[in-house]
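This report refers to the structure that appears directly beneath it.
The values are calculated or read from the model by the stated rules, or taken from the named source; none is laboratory data. Just so we're clear, the structure is a prediction, and the values are computed from it rather than from any experiment. When we count neighbours, we look across all protein chains shown, and the Cβ atoms used for this are built from the backbone with ideal geometry, even at glycine.
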Amino acid sequence: MRIRPLEKIRQSFSAKITLLVAASVIATSLVVGIVTTHSTGNFLTDQIREQFPSTLATTSARLRLWHDRQLTELRRLASAAAVRDNVERYAHGQNATAARDELAQYLRIVRENYSGYDELLVLDANGRTVASATGNASVHPGAGEEAWLELGENGFEEGSSRPIPGDHAFHEWLFVATRDSTIERSKQTWLAARVNLSQCGQILNDVKLGSGGDLFLVDAQGRFLTQPRKATEPKVVVAGIRVPTRQNGPVIVERRDTYDNRSAFHSKVHLDELGWWLVYEEDYAAAMSPVIEAQRRIWVSVLAVGGIFILVALRIAQSFLRPINELKLGAKRINEGLVGVKIPKRNDDEIGLMIDTFNEMASRITLWQAELQYKNKVLNTQNDRLQDMNERLEKLSVTDGLTGLFNHRHFWNLMNTELTRVNLHRGNLALTILDLDDFKRVNDKFGHAIGDLLLQTVATVLKDTVRDTDIVARYGGEEFAILLPDTDESGVQQVAEKIRAAIEAIRFNVPETDITLKVTVSIGVSVFRGNRREFFNAADRALYKSKAAGKNCVHYALA
């Protein structure tokens, strides 16, 4: 079975010429576009890769400087007279209890006035606690003698440090000698400080990166020492990535999956003196967005130029194909029901003979085409009426018959659509739920007809008060709901208060009476924070708070 479009091209000389011209221009445009976008992508990818070594080097220097400052400050504290004198008294057994108490008091003062250390201890050569910042002279909680001795086979070393995992945090212990370095190790005492590595996280967060950039530290086992910027849940002390045992060669930038399975440019450098790995990642989608935009513009330009060339080429070919096109146009007009069609004869060749035959045939087609055209017109009119009725039915299916606002069902459809949009584009979405105060009294006293008029009045005020882009619906009975796209917490509270004041200003005159009713409304407000169900429930709870608070007020709830 033959494919009809291919058969038409084979049988049409005009189509063959047109296809040949178009194919030539399109093929050239595609080659130019592919080569250009490929070159642009490679160039911009190389530019992205070039920034990794400098960022890693600068950040590594900051981390080393921070670590050196911690040790320098600890050595300064260890050399303080209050530490050295009392350590000597303790070492020689000269009123050791008083020496330990004075050491503990000094450590507490230092810790209270210097926030860099989470804890300060004085340890003997066996790892036992001599004094601590908390005043506890017993073995340090959670780190008994055996635990301290596990930090090094040969005990503590001057200026040594050890990272130790805690509860959702990594801590680094720093050790410096408190006595002269000539003192034999078995008689040496040590000043130990516990530093929370979240300080390193602050240093990393201060480094300016792109929107997809991420900097974090891991230890030799691949456990996170600091919280990554892009992580949506706590990662510290969690084993997240695999790292080699040492740095092999220069910094390498590669594309790989991150700890949360995102594709990213990845590079790392080993901090030899600390035993840590500094990891730098750039989200691939965010980093390549300029590339994608540049490629899009290239393709738009290529297609635009290609289209211009196609138009020029077709214009030239058209002058050769004019007689054929006139014959085709005449056949098309007759097929559309027109009469009196006649094609001018330009030559006496084969095409001229075809034109004579066509004109003779066209002269015989008259009345039946006009009748067919008339019947088609009648049918089109009926179709237009049916479409108009369908549009009216569709409008009735989504609107409330009394107020003209969106109904309950369509409101939920629109809210689901808006929530999907917010999740995709990270925008804002707010919701207000309104309930007329004491509306049942109006129905009971004046009848449902008056109540309906009041609902219509309130609906008009609501539509006039909010923006055209806001979605107003009658949720049920005397309850209304309003979705406010691109509105944050402060914005929706202002709108809600504006609505409350506008309804409070209503003075509803009961028909055929001298009675004027004052209308108030209770309002609940929420802003979408990621939980679809809680988004509506929060506003509903806020509405009940407004009712419970005496009505005619606005309450806000975090969704």
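Things worth noting here:
- Candidates 247, 227, filtered to the one that is in contact with a helix residue (DSSP H, G or I) (Cβ under 6 Å, 6 or more places away or on another chain) and either touching a residue at least 24 places away in the same chain (Cβ under 8 Å) or assigned to a helix (DSSP H, G or I) (or both): 227
- Residue 394 passes every criterion in (1) within 18 Å of residue 471 (Cβ to Cβ); (2) in the same structural domain as residue 471 (by TED's automatic domain parsing); (3) among the charged types (D, E, K, R); (4) without any contact (Cβ under 8 Å) to a residue 12 or more places away in the chain apart from (2).
- Residue 338 at pLDDT below 70, surrounded by 15 or more Cβ atoms within 10 Å (Cβ to Cβ) and in a helix (DSSP H, G or I): no
- Here residue 504 fulfils each of the conditions (1) farther than 14 Å from residue 435 by Cα; (2) at pLDDT 90 or above apart from (1).
- Residue satisfying condition, being at pLDDT 90 or above, under 26 Å from residue 535 (Cβ atoms) and touching a Phe, Trp or Tyr at 6+ places or on another chain (Cβ under 9 Å), within set 454, 462: 462
This table checks each residue for (1) more than 31 Å from the chain's Cα centre (by Cα); (2) closer than 13 Å to residue 431 by Cα; (3) hydroxyl-bearing (Ser, Thr, Tyr).
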position	(1), (2), (3)
456	yes, no, no
467	no, no, no
474	yes, no, no
488	no, yes, no
509	yes, no, no
514	yes, no, no
524	no, yes, no
549	yes, no, no
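- Of the residues making up segment 380-416, those that are within 21 Å of residue 483 (Cα to Cα) and either touching a Phe, Trp or Tyr at 6+ places or on another chain (Cβ under 8 Å) or at pLDDT 80 or above (or both) number 19.
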